[in-house]
1. Somewhere in segment 46-57, is a residue over 21 Å from Pro105 (Cβ atoms), of a type in the set (Asp, Glu) and part of a loop (DSSP other than H, G, I, E, B)?
2. Determine whether segment 233-241 contains at least one residue that is over 26 Å from Val78 (Cβ atoms) and buried (at least 23 other Cβ atoms within 10 Å of the Cβ).
3. Taking the options Gly111, Gly117, Gly106, name whichever one is within 26 Å of Met141 (Cβ to Cβ), at pLDDT below 95 and not acidic (Asp, Glu).
4. Run down Asp306, Asp264, Asp288 and say which single residue is modelled with pLDDT of 95 or more and under 18 Å from Ala229 (Cβ atoms).
5. Identify all residues within segment 309-339 that are farther than 15 Å from Gly287 by Cα, at pLDDT 95 or above and among the small types (Gly, Ala, Ser); write none if there are none.
6. Against the condition among the basic types (Lys, Arg) and either within 18 Å of Thr311 (Cα to Cα) or within 17 Å of the chain's Cα centre (by Cα) (or both), how does Arg215 come out, does it pass?
7. Report every pair of residues separated by at least 6 positions or lying on different chains whose Cβ atoms are under 8 Å apart, first residue within segment 181-197 and outside any loop (DSSP other than H, G, I, E, B), second among the hydroxyl-bearing types (Ser, Thr, Tyr) and surrounded by fewer than 24 Cβ atoms within 10 Å (Cβ to Cβ).
Amino acid sequence: MDMDRLDMPVSLLDLAPVCEGSTPAQAFANALDLARHAESLGYTRYWLAEHHNMPGIASAATAVLIGHIAGGTSRIRVGAGGVMLPNHAPLQVAEQFGTLASLYPGRIDLGLGRAPGTDQPTVQALRRYYAGADAFPSDVMELLRYFEPVQPGQPVQAVPGAGLDVPVWILGSSLFGAQLAASLGLPYAFASHFAPAAMTEALALYHRDFRPSKRLRQPHAMLALNVVAADTRAEAERLFTTQQQSFVRLRRGAPGLIPPPIDDIDAFWTPQEKAMVGQALACAVVGDAADVREGIAEFARRHRPDELMLTANIFDHAARRHSFALAADAFARKGHAAA
């Protein structure tokens, strides 16, 4: 692999962060601006993730926000990375994404996860008549059937949705999702940006057990990677402290708005928390333009995904835009200058 150029799609994962001193409305404006920026830089996909009861994440109504982003862009694929299917009836998801695919044909992706995307009290609020995620495989298969052409005598159909080409991905951070994606012949996206422990084993299992389907003839795996780029390595490391703080706060049971970066992260966390964050965020490339270009290429060379999805939890919107522009130099197909 050319260390100066990635020969694979590279995409962007956004959580619509709500920063201290800001609002969800501003987060949505920033998300659309970032999506347009990503489109101009040549990123392939712009995905949003479903979370609930998280003051610092505004993408709870994921399908609604996808429509907003798709309506404000023209070429980039927009999708869910993902929809947490146990929170929803499969028919409703099919209708939502059938609607999106009808409005924005050829541009909508649907990633499915089985985690709740929240804490236990919120799970109970979301799943009023549902006990857990054990039905996830059967729910996925039910959802896939709603995208098939309607059969004579079919009692329930997705309108819109039936007969539409909506790419469906399985998301995961364990062997469960890899096995399910392989058995159903679906593309697989691994959450290596926050839970990398099983990444190598999950990818191997997915490739080994993959069964071709009408949707996918060969295995197709995406890995997520934290990337924080700035003009200097020191500034990038400082920007990264926002994500480090957020992760610690979540583990302390006190998630809040996205905090600004700090100069001394070691004064914030305990040695145990530092070790925990180091493991959880092990798949991260932080540095200046050269560091990031080489780091992204090295990650791709070592793990050989079919696609990469970059994410960055950066407090300042302008710095976040600049980070993704610097990262785009790793795959710059159109010669865009970092800005």
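The values are calculated or read from the model by the stated rules, or taken from the named source; none is laboratory data. Please read these numbers as outputs of a predicted model, since none were measured by experiment. Glycine gets a Cβ as well: all are built from the backbone with ideal geometry, and neighbour counts include every protein chain shown.
1. As a first pass, look at segment 46-57 and keep what is over 21 Å from Pro105 (Cβ atoms): 49-57.
Then keep just the ones that are of a type in the set (Asp, Glu); that gives 50.
Still in the running and part of a loop (DSSP other than H, G, I, E, B): 50.
The answer is yes; a qualifying residue exists.
2. Taking segment 233-241 first, the residues over 26 Å from Val78 (Cβ atoms) are 233-238, 240-241.
Okay, now just the ones that are also buried (at least 23 other Cβ atoms within 10 Å of the Cβ), so 236, 240.
Looking for residues that are over 26 Å from Val78 (Cβ atoms) and buried (at least 23 other Cβ atoms within 10 Å of the Cβ), one finds at least one in segment 233-241, hence yes.
3. Details: Gly111 fails: at pLDDT below 95; Gly106 fails: at pLDDT below 95.
Residue meeting the stated conditions: Gly117.
4. Checking each option against the conditions leaves just Asp288.
5. Listed by number, the list holds a single entry, Ala318.
6. On the way: among the basic types (Lys, Arg): yes; either within 18 Å of Thr311 (Cα to Cα) or within 17 Å of the chain's Cα centre (by Cα) (or both): no.
No.
7. Hits for this filter: Leu184/Ser213; Phe190/Ser173.
Condition check ((1) modelled with pLDDT of 95 or more; (2) within 19 Å of Arg304 (Cα to Cα); (3) in contact with a helix residue (DSSP H, G or I) (Cβ under 9 Å, 6 or more places away or on another chain)) across all residues:
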| residue | (1), (2), (3) |
| --- | --- |
| Pro160 | yes, no, yes |
| Val168 | yes, no, yes |
| Ser173 | no, yes, yes |
| Gly177 | yes, yes, yes |
| Ala202 | yes, yes, yes |
| Phe210 | yes, yes, yes |
| Leu223 | yes, yes, yes |
| Ala234 | yes, no, no |
